[in-house]
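Below: the structure, in structure tokens.
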């Protein structure tokens, strides 16, 4: 019986998050923000349980995984369970971190249940140790300015283009490349 | 930056996804690469002089069928490996089928042949250059396909790089068929495969560093 309830809860969660993501991918920002917020809580719980010996890394990794979900959102296929996609990303980022730190002993928990990723939720964010603002400040202007104006100050692409003298397509490309560069910087490779 | 601030940053502006879907992007990259490989082939190697007669020989189409189906199979693998959490069931089998088929034909032709003919069926006239030329022609395809994959999210970068390299090798080999005079199945099953494995191994090697995200 207990198993059934768990599965039902998982289905509801899966459907809800998927709806929010699909609305977000169609351009609905509020739904997308809600998706990322709820997802971050699941990622936090998922990663916290797997980084028992590295509690300080959890929030940094949550941010890294969120950035990866955003940058790689075009690889989600609506025909695929959302949990499988999210789980694969979270697992990849977790293994990547451990590989970087070469601390494979902390893998004291099997990592292969896609259901686990939505089964718990943790909204209590610790302080991230790494400051993304600092990394952002290091990006070249043609990436940094589009991100600062459209993603932090909330200007439209058109307004940013007028303000910076860049073309509208250069703004869009700058945001895309800048966020990818940010993800690489986090990994320590740029 | 707090996680909530990161979330509002990511959600602000345009959250929709631009650009064609993965399958289309790989098809465009493979197509452009094939054009590049064809130009290289025409300039450096020329078409085989008896191409029009060869079109009537079943072995010519067996050869094309082998490399083209391997290209299709590796495109399938590339698409699966580009997407986190996609099932990899059957990928190995689909990749193995064209190879096993050409090996079966090769084994049959070796058994069927006169013992003195066997080494010719295997070595042909061009075994020394064939793998190198296929690897050379795969360069433009490889560059285009690898670039697309760098914008995807392979969670197994080494395997994904291998598949991307194999795809470029198979497309290059298809182009190479229009030049290559060899018609022995044992030749195709070994030297062609070797040529296609060169970019695949380079892909696996590069994937472990350049396909991480």
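Per residue, the average separation of C-alpha pairs within less than 8 Å and at least 6 apart gives segment B:1-126 a relative contact order of 18 percent.
With the simple model of a label 7 Å out from the Cα in the direction of the Cβ, residue B:119 to residue A:7 spans 6.4 nm. Dividing the summed helix terms, -39500 (n - 2.57) for each DSSP H run of n ≥ 4, by the number of residues in the protein assembly as shown produces a 222 nm estimate of -22000 deg cm²/dmol to the nearest 500.
Under the definition of partner shielding as Cβ atoms of other protein chains within 10 Å of a residue Cβ, what is the mean value for peptide A:155-163?
Whole-number average of other-chain Cβ neighbours for A:155-163 is 1.
Working ranking of peptides B:151-159, B:136-144 by packing, defined as the average number of other Cβ atoms within 10 Å per residue, highest first, is B:136-144, B:151-159.
Please report the relative contact order for chain A, taking Cα pairs under 8 Å with a sequence separation of at least 6, and give it as a percent rounded to a whole number.
In percent, rounded to a whole number, it is 23.
Rounded to the nearest 10 degrees, the angle from helix B:157-176 to the longest Cα principal axis of chain B is 40 degrees.
Peptide A:85-94 is shielded by partner chain Cβ atoms: per residue, an average of 4 of them sit within 10 Å of its Cβ.
Highest average first, the peptides B:85-94, B:2-11, A:82-91 ordered by how many other beta carbon atoms sit within 10 Å of their residues are A:82-91, B:2-11, B:85-94. Above 27 Å lies some portion of the pair distances; for chain B, what is it as a whole percent of all C-alpha pairs? When all Cα pairs of chain B are counted, 37 percent exceed 27 Å. Angle between the Cα long axis of helix A:2-25 and the longest principal axis of chain A, 0 to 90 degrees, nearest 10? Orientation of helix A:2-25: about 10 degrees from the principal axis. Note on A:70-78: average number of Cβ atoms from other chains within 10 Å of each residue's Cβ is 6. For the peptides A:37-48, B:99-110, residues were scored by their other Cβ atoms within 10 Å and the scores averaged per peptide; the highest-first order is A:37-48, B:99-110. Between helix B:91-112 and chain B, what is the angle of the helix's C-alpha long axis to the longest principal axis, kept within 0 to 90° and rounded to the nearest 10? Taking Cα atoms only, the helix is inclined about 10 degrees.
Note: relative contact order over chain B, using C-alpha pairs below 8 Å and six or more positions apart, is 31 percent.
Just so you know, all these numbers are worked out from the coordinates, no wet-lab data involved. Keep in mind it's a predicted model, so treat the numbers as computed, not measured. Ideal geometry is used to build each Cβ from the backbone, glycine not excepted, and the neighbour counts take in all protein chains shown.
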